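The values are calculated or read from the model by the stated rules, or taken from the named source; none is laboratory data. Since the structure is predicted, the reported quantities are computational estimates derived from the model, not experimental observations. With ideal geometry, Cβ positions are generated from the backbone for all residues, glycine too; neighbour counts draw on all protein chains shown. Accessible surface areas use protein heavy atoms only, side chains included; no ligands, DNA or RNA. Shrake-Rupley method; radii C 1.70, N 1.55, O 1.52, S 1.80 Å.
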Amino acid sequence: SWELKLVSLKRLKSGAIVPKETMQITMIDAYDVERKPFEQSHLLAKLRKALICATLFISKAETSRPFVKAAYFDLGDGELYDAIKADYDLVRNTIRTRGFEALTGRMGVLVQPRTKGAGHGSSSRAFYARTGMVKRLLRGQ
């Protein structure tokens, strides 16, 4: 099966096209994350079946949103895998030692845990791919 993820890109004044924002990967279930290593995690399962479709943000009016590209990526077992595992382990250890409420969007190099929804008092959290990771995923690496 596939997990379809839609990401918005924006054009900079220089003409370069870059991710407009982070990409939600999956919700964080504290009970599950605390008990499962990365190799058995829902995060890894989602990433292993993700197909990312990128569209170009033109305006808030949303009168058009051109398709830019689709990318399927293979995490493999190299540098990208290790970096995402380290981010997951940081979240896992934080939940174990300081609790779910201690998770913050400042954590993680490629994947960050942050509030889902309105923020400011929201109790739910999700794993998000930072824009740097979105760039890598769209390049296929």
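Taking residues in the stretch 40-63 that are closer than 20 Å to Val18 by Cα, and partners anywhere that are among the polar types (S, T, N, Q) and open to solvent by 50 Å² or more (accessible area, probe 1.4 Å), the pairs with Cβ atoms closer than 8 Å and at least 6 places apart or on different chains are Ile58/Ser64. Within the stretch 118-131, is there a residue that is under 14 Å from Ile25 (Cα atoms), touching a residue at least 60 places away in the same chain (Cβ under 8 Å), within 17 Å of the chain's Cα centre (by Cα) and in a helix (DSSP H, G or I)? Checked the stretch 118-131: at least one residue is under 14 Å from Ile25 (Cα atoms), touching a residue at least 60 places away in the same chain (Cβ under 8 Å), within 17 Å of the chain's Cα centre (by Cα) and in a helix (DSSP H, G or I). For the stretch 58-77, the set of residues classified as on the phi < 0 side of the Ramachandran plot, open to solvent by less than 100 Å² (accessible area, probe 1.4 Å) and part of a loop (DSSP other than H, G, I, E, B) consists of Ile58, Ser59, Ala61, Ser64, Arg65, Pro66, Phe73, Leu75, listed by residue number. Arg96 satisfies every condition listed in (1) modelled with pLDDT of 95 or more; (2) more than 19 Å from Ala126 (Cα to Cα) except (2). Looking only at the stretch 78-103, residues that are under 17 Å from Val33 (Cα atoms), of a type in the set (Gly, Ala, Ser) and assigned to a loop (DSSP other than H, G, I, E, B) come to 1 in all. Every condition in (1) under 17 Å from the mean Cα position of the chain (by Cα); (2) open to solvent by less than 80 Å² (accessible area, probe 1.4 Å); (3) touching a residue at least 40 places away in the same chain (Cβ under 8 Å) is met by Ala83 except one, and the failing one is (3). A count restricted to the stretch 86-95 and to residues that are open to solvent by 60 Å² or more (accessible area, probe 1.4 Å) and in contact (Cβ under 8 Å) with a residue 40 or more places away in the chain stands at 0.
Looking at Phe57, is it under 14 Å from the mean Cα position of the chain (by Cα) and aromatic (Phe, Trp, Tyr)? So Phe57 fails the test. Restricting attention to the stretch 1-49 and to residues that are open to solvent by less than 60 Å² (accessible area, probe 1.4 Å), in a loop (DSSP other than H, G, I, E, B) and at pLDDT 95 or above, the residue that is farthest from Arg130 (Cα to Cα) turns out to be Pro37.
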